[in-house]
Amino acid sequence: MTTSGSADGVRLIDAGRTSPLRAQALYHGIADAMALGDAPVMVLAEPDAPFVSVGAHQDVSREVDIQACARSNMAVIRRATGGPALTLSPNTMMVHFVLPRGRPEGGGSAVVLYGRFTEPLVRAWQAFGVPVERCAWGGIELARYRIGGVQAGMVGKAVVVGGSLVTDFDADTVVRQASLPSDHIRAQLRDLIRERLAQAGRPVDRAAVRTALMAGVGDTLGWTLQDSTLREDEQAAIERRETQMAQMRHIFAGGQRMANAGMRATGGLKLVDLVRRSAGGLVRLRLLERDGVIEDIEITGELTSLPADGLDKLATGLVGLRRDAPDLAVRIHDRMGRFGLELPGITAAEIALALKPVTVPAGRHPLDVLFGNNPTS
């Protein structure tokens, strides 16, 4: 039987365990088929094998060890939401909220959107006694270290916000998937999670985590979830997404604007690669310049761009600007506003600072200037 959910309810599609490709294509296809008058959909799925989920704006050739993934028989699949590459394992519940753009829950700034949809995941953790907190840019923190979060994007007429929960809160899996600075920190958080779960005394399994998540959704979003199945148009859209996501040109879509930049760097054109770490993630700038003037540029990385095509528009808008212009940050900010572009955690001033040419005094190494080191005596 196929249902679409009632007007005042939210459809719940729980696919259970499925292939990594299907798990990724599922929420993309539902978003592709979504009309502005449709009810929101919450999608749950667990991959039956480990895989790497790549952010919408990442250059896979520069940010993912493709050979290591191939040796491990681990699929690499690009998603439509931003953020960093994530390694997801079979005991991980992928959680996605898909809703029409006109819904009030999908409105507001990126900060508001992140906070709204991170909260149900945070409450699921807290239901089992683990004292996680919501932090900026959709992050979930434990003892001030980020162990999870949500990513956002726009697909067709839909807003998509996604995250994940380990189905039994296994501490080893949590710390392995989190981006943590050292083995010492990983061991500390692993012990803390185990200790708090033991103190709570509640059995933790998929059913319990699912129940806690649904309670959090009801409490924070006011949604009434109704079990549902896929419509025929959604099923067809998911199958199209599976075909697309398996193609190499889709996996390697990031970085294509400057794919031949090295060959173009002749006749006075210089190729420059820049990297900056910001609160919103790693940002990569690859540009061709002539006498300090940007002739072409591409912006990739772990960042989130709302709307999705905003980065391409911004890149086009930066062509012709001087890297050393004193008002470069103002010009970038103006273009971001003109295009309605949100880059959560990344400011125009940071992009301008990353673009600013570095002047190296005589006797200094460029890295000394970049990192503020004193000259060696």
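The values are calculated or read from the model by the stated rules, or taken from the named source; none is laboratory data. Bear in mind that the values here come from a model prediction, so they are computed numbers and not experimental data. Quick reminder, even Gly has a Cβ in these numbers, built from the backbone with ideal geometry, and neighbours come from all protein chains shown. Just so you know, the surface numbers come from the protein's heavy atoms only, side chains and all, with ligands and any DNA or RNA stripped out. Shrake-Rupley method; radii C 1.70, N 1.55, O 1.52, S 1.80 Å.
Taking region 45-127 as the region of interest, the strands (runs of 3 or more DSSP E) fully inside it that hold 3 or more residues being at negative phi and either of a type in the set (Asp, Glu) or buried (at least 19 other Cβ atoms within 10 Å of the Cβ) (or both) are 51-54, 75-78, 92-100. Scanning region 179-189 for residues that are surrounded by 18 or more Cβ atoms within 10 Å (Cβ to Cβ) and either within 20 Å of residue 124 (Cβ to Cβ) or among the hydroxyl-bearing types (Ser, Thr, Tyr) (or both) returns a single hit, 189.
Filtering region 75-123 to residues that are more than 17 Å from the chain's Cα centre (by Cα) and of a type in the set (Val, Ile, Thr) leaves only 122. Of the residues in region 273-281, none is open to solvent by 60 Å² or more (accessible area, probe 1.4 Å), of a type in the set (Asp, Glu) and on the phi > 0 side of the Ramachandran plot. Highlighted here are the strands (runs of 3 or more DSSP E) found entirely within region 135-211 that include at least 1 residues which are farther than 24 Å from residue 101 by Cβ: 139-142, 145-149, 158-166. Restricting attention to region 190-215, the residues that are open to solvent by 60 Å² or more (accessible area, probe 1.4 Å), closer than 27 Å to residue 10 by Cβ and touching a residue at least 60 places away in the same chain (Cβ under 8 Å) add up to 2. Checked against the criteria, residue 31 does not count as out of contact with any Cys (no Cβ under 9 Å at 6 or more places or on another chain), open to solvent by less than 50 Å² (accessible area, probe 1.4 Å) and not in a helix (DSSP H, G or I).
Taking the condition open to solvent by 10 Å² or more (accessible area, probe 1.4 Å) and within 21 Å of residue 156 (Cβ to Cβ), does residue 37 pass? Here the answer is yes, as residue 37 does meet what is asked.
Within region 336-357, the set of residues being under 15 Å from residue 312 (Cα atoms) and in a loop (DSSP other than H, G, I, E, B) comprises 339, 340, 341, 343. For region 251-272, the set of residues classified as under 30 Å from residue 75 (Cβ atoms), surrounded by fewer than 16 Cβ atoms within 10 Å (Cβ to Cβ) and not polar (S, T, N, Q) consists of 259, 262, listed by residue number.
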